Amino acid sequence: MRSFLLFILLLPFGLMAQNRATLSGYIKDSANGEALIGATVYIRSLATGATTNVYGFYSLTLDPGEYEVSFSYVGYTTRVKTISLKENTRLDLELEVEGRQLEEVVVSSEKEEQGTKSLAMSVNRLDIKTITRIPAFMGEADVIKSLQQLPGVTTVGEGASGFNVRGGSVGQNLILLDEATVYNSSHLLGFFSVFNPDAVKDTKLYKGAIPAQFGGRLASLLDVRMKEGNNKRHEVNGGIGSIFSRASVEGPLFDGGGSFIVAGRRSYADILARPFVDILNEGAALNFYDLTGKANYNINARNRIFVSGYTGRDKFFFDKQQGFSWGNNTGTIRWNKIFNDRLFTNFSTIFSKYDYALQFGNTERDNFRWKSSVQNITFKPAFSYFINTSNELSFGAEANYYSFEPANAYGTSNGTRIDIGLPEKYNLETALYLGNNQKLSSTVAVEYGIRYSNFMAFGSGSQYAYNDTIPGTRRTPVAEKTFARGERMITYHNFEPRFSIKAELNDVSSVKASYTRMSQYVHLISNTTASNPLDVWTPSTNNIKPETGNQYAVGYFRDLGEDRAYEFSVEAYYRSTENQIDYIDGADLLINQYLEGDLLSGIGRAYGMELYLQKKVGKLTGWIAYTLARTELKVNGINNNEWYAARYDQAHNLKLSGFYDISKRWSASANFTFVSGTPATFPTSRYVVQGILIPYNAQDSRNNVRLPAYHRLDVSFRLEGKTVKANGKPRRNTDYWVFGVYNLYGRRNPFSIYFTQGSDRVAQGSPINSEARQLSIIGTIVPSVSYNFKF
């Protein structure tokens with residue numbers, strides 16, 4: 001089997017013709033020099049072409065001759081050039097943005113990425129223009145919240161960190177910012193994401209059909225690419241909102257040989273409230289900030305370097321000494337090298353760290369301090385070889401070195417310090433991959449590849465063996481084996497094949513199918529309703545096996561209307577997982593040396609259907625997304641060993657997004673969301689001990705009821721600033737206002753429901769009353785206004 005796969009992968013080399021010439025180069029935005037990702041280069045006479053990669057590079061190998069070549073990108077003017085190709089030719093090109101009325105096309109999934117002609121399926125791409133038009137909480141554009149308007153993407157409720165994709169947990173999403181892993185993507189406990197829209201250029205979410213160069217998570221890949229910075233002129237962008245302000249500066253470096261961008265945000269609710277809230281004058285804090293930066297330099301026509309980074313932190317303090325904080329730090333250095341007109345390479349060195357700190361106690365004699373972190377250093381060489389117009393070969397490697405600090409913690413009582421910390425853990429994850437994107441004919445294309453991953457744990461540290469007990473109850477260690485520093489403790493490895501196929505039925509419709517196998521060696525440990533900043537990341541051990549998953553997907557895609565103004569798609573998927581982690585009742589996950597004894601392992605399945613209808617052209621644009629899905633787990637020791645719904649299972653998920661241009665200056669946007677209630681575990685009986693009512697689940701069931709359905713309507717209006725001065729001359733700067741209302745009809749959506757005992761004293765022998773109480777994170781209308789500028 002492996003020999004056959006290798007033969008298939010290398011087959012294109014045998015098909016290479018001699019005496020051919022290559023047309024290659026970069027396609028960029030004429031206004032700012034930004035690379036255009038996914039731009040199309042098309043040879044009309046051959047009915048073939050190519051698209052640019054994430055750096056804007058393209059390559060086409062053809063027989064010598066004269067060709068009419070079109071260069072296009074959604075929202076930009078198409079350029080057509082006649083090229084006499086006699087030898088390898090380098091052609092860098094810039095495209096101009098079209099007028100406003102044609103910019104309406106850019107709404108959601110661009111046609112080159114998701115349409116009938118493309119091989120891609122289970123992929124959604126949101127450009128920043130769309131993200132800024134979607135109504136958002138407090139009027140602030142947000143990448144993660146925008147993605148939740150797409151099919152197959154959900155969340156367990158308002159104020160929940162992260163997102164869920166096709167039945168995956170929050171920890172099963174690989175989130176990358178310029179290739180650096182982001183372990184916690186949320187600010188302010190989930191209301192905002194860490195991605196500053198002023199610094200984001202491109203956002204692509206893979207729900208399936210993930211290319212072989214990516215791995216490490218089971219459910220999805222969110223690939224966020226930062227702007228490179230304007231290399232034409234200096235530019236300032238920013239905004240002043242109800243809860244935070246932001247600003248970015250970008251411009252050329254080295255006489256246009258490079259560029260930079262620096263963007264920052266800071267919330268100020270605590271600053272504005274300080275004159276009215278005494279606790280804020282005593283050291284309390286509730287805020288977040290982040291700073292994003294990137295620079296690049298063209299060494300020469302074949303070599304370019306990039307340096308980018310991010311730092312951000314949230315603070316939630318009750319006074320100067322008590323509270324908690326959390327934050328991400330990332331850094332990426334990349335070197336693009338064009339070895340020849342067909343071979344494009346990128347070498348990346350990446351640093352990523354997530355940490356949080358919790359502290360209580362007002363004095364040095366009585367306090368508690370806890371710090372935890374996970375960090376990794378990554379090296380990734382990636383190669384793209386453009387064999388011919390029908391084959392693009394990709395291959396490379398990846399090495400991740402992890403350092404886990406579960407708990408650097410101590411408590412001090414009456415001046416006596418007690419160390420309760422846990423030892424650090426060290427791991428190395430490596431991978432090799434090989435893949436090919438191949439056009440078999442004018443109507444059939446395939447992408448196939450394989451990824452081999454390896455994971456090792458190193459000392460110093462201990463491995464525990466646990467006793468056999470009744471499934472679903474806490475296990476205790478019965479043996480311990482210690483390892484010296486650098487000594488290998490355990491090794492895992494997996495083969496991860498990938499395959500996708502597209503067949504065009506006619507000029508306006510196609511069918512697609514894909515298979516993806518993924519492995520995950522690091523795990524997010526959380527048994528709360530929603531992920532929170534204090535959740536623990538932990539590596540695979542002798543007791544925590546790597547999670548593995550297989551996803552199968554099939555879809556039908558069709559363009560509708562005479563001018564193809566509408567796009568329709570329907571996808572069905574099935575995903576099975578092994579070694580899925582769950583927890584015993586009452587699991588102790590924080591600062592627990594024997595955490596593995598509270599974890600359980602089982603299997604999972606997720607299946608569903610996604611329907612998507614988008615209108616891309618006209619004064620009224622938008623989309624309808626509906627997902628019918630089910631996510632279930634089966635773990636020995638939970639729910640009587642039967643299948644049960646996962647906490648993030650939602651049967652029905654309906655999203656409507658609309659955008660309407662009222663006039664040249666006014667536009668309106670609206671979102672409507674309806675989602676089935678998520679599962680929860682309720683008691684089935686109760687007993688009373690000394691007048692205290694204790695709820696009890698007599699059936700040992702898990703997630704046995706569902707919360708009421710969630711629904712919400714958001715609206716916003718955008719007023720563009722004037723484009724000309726009073727004297728008739730055009731303004732150099734542009735600005736606009738956004739007026740929004742979140743939760744327009746004040747729906748009190750349930751985040752959770754819990755049970756309490758009545759507060760009144762009950763006479764001896766009288767029944768004790770209990771009541772169910774609903775927690776709503778946002779239960780009222782939230783108006784907002786923001787001012788945004790660019791000059």
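Figure note: Thr130, Thr40 ranked by solvent-accessible area, largest first, 1.4 Å probe, ligands and nucleic acids not counted: Thr40, Thr130. Modelled spin labels at Lys232 and Ala698, positioned 7 Å past Cα toward Cβ, are 7.4 nm from each other. If you average the C-alpha positions of the stretch 42-85 and of the stretch 241-278 separately, how far apart do those two centres end up, in angstrom? Cα centroid to Cα centroid, the span is 39 Å. Our coupling estimate for the stretch 513-524, obtained by passing each phi through the Karplus curve with A = 6.51, B = -1.76, C = 1.60 and θ = phi - 60°, is 8, 8, 9, 9, 10, 10, 10, 10, 9, 10, 10, 8 Hz, Gly and Pro reported as x. Between 0 and 90 degrees, the angle of helix 2-14 with respect to the longest Cα principal axis of the chain falls at about 30 degrees.
Each residue of the stretch 427-438 was assigned a 3J(HN,Hα) from its phi angle through the Karplus expression (A = 6.51, B = -1.76, C = 1.60, θ = phi - 60°), giving 9, 10, 10, 10, 7, 10, 9, 8, x, 9, 9, 10 Hz with x at Gly and Pro.
Give me the accessible area per residue for the chain, probe 1.4 Å, as a whole number in Å².
Result: 43 Å² of accessible area for each residue.
Of Lys28/Lys232; Lys28/Lys619; Lys81/Lys204; Lys81/Lys337; Lys439/Lys616, which ones are farther than 19 Å apart at the Cα? Before the final figure, lay out each step's value.
Values: Lys28/Lys232 12 Å; Lys28/Lys619 28 Å; Lys81/Lys204 30 Å; Lys81/Lys337 26 Å; Lys439/Lys616 27 Å.
Where the Cα-Cα span goes over 19 Å, the pairs concerned are Lys28/Lys619; Lys81/Lys204; Lys81/Lys337; Lys439/Lys616.
The accessible-area ordering, largest first, of the residues Ile525, Ile624 stands as Ile624, Ile525, per a 1.4 angstrom probe. The phi torsions of the stretch 664-675, fed into the Karplus equation with coefficients 6.51, -1.76 and 1.60 and a -60° offset, translate into couplings of 5, 10, 9, 9, 10, 9, 8, 10, 10, 10, 10, 9 Hz, rounded to whole numbers, with Gly and Pro shown as x. One Cα centroid belongs to the stretch 144-160, the other to the stretch 331-390; the line between them spans 25 Å.
The H on the amide N of Leu505, modeled in the peptide plane, is under 5 Å from the matching H of Ser510, Val511, each at least 5 residues off or on a different chain. Centre-to-centre, using Cα atoms only, the stretch 582-616 and the stretch 656-704 are separated by 18 Å. Restricting the chymotrypsin sites (Phe, Trp or Tyr not before Pro) of the stretch 689-778 to loop positions (DSSP other than H, G, I, E, B) with no more than 15 neighbouring Cβ atoms within 10 Å leaves Tyr745. Just the protein heavy atoms count here, and of the accessible area of the chain at 1.4 Å, carbon and sulfur take up 56 percent. Its convex hull of Cα atoms gives the chain a direction-averaged projected area, equal to a quarter of the hull surface, of 38.7 nm².
Leu218 sits with roughly 10 Å² accessible to a 1.4 Å probe, with DNA, RNA and ligands left out of the calculation.
The values are calculated or read from the model by the stated rules, or taken from the named source; none is laboratory data. Fair warning: this is a prediction, and the values are worked out from it, not measured in the lab. Counting neighbours? That spans all protein chains shown, and the Cβs are built from the backbone with ideal geometry, glycine included. Heavy atoms of the whole protein, side chains included, go into the accessibility calculation; ligands, DNA and RNA do not. Shrake-Rupley method; radii C 1.70, N 1.55, O 1.52, S 1.80 Å.
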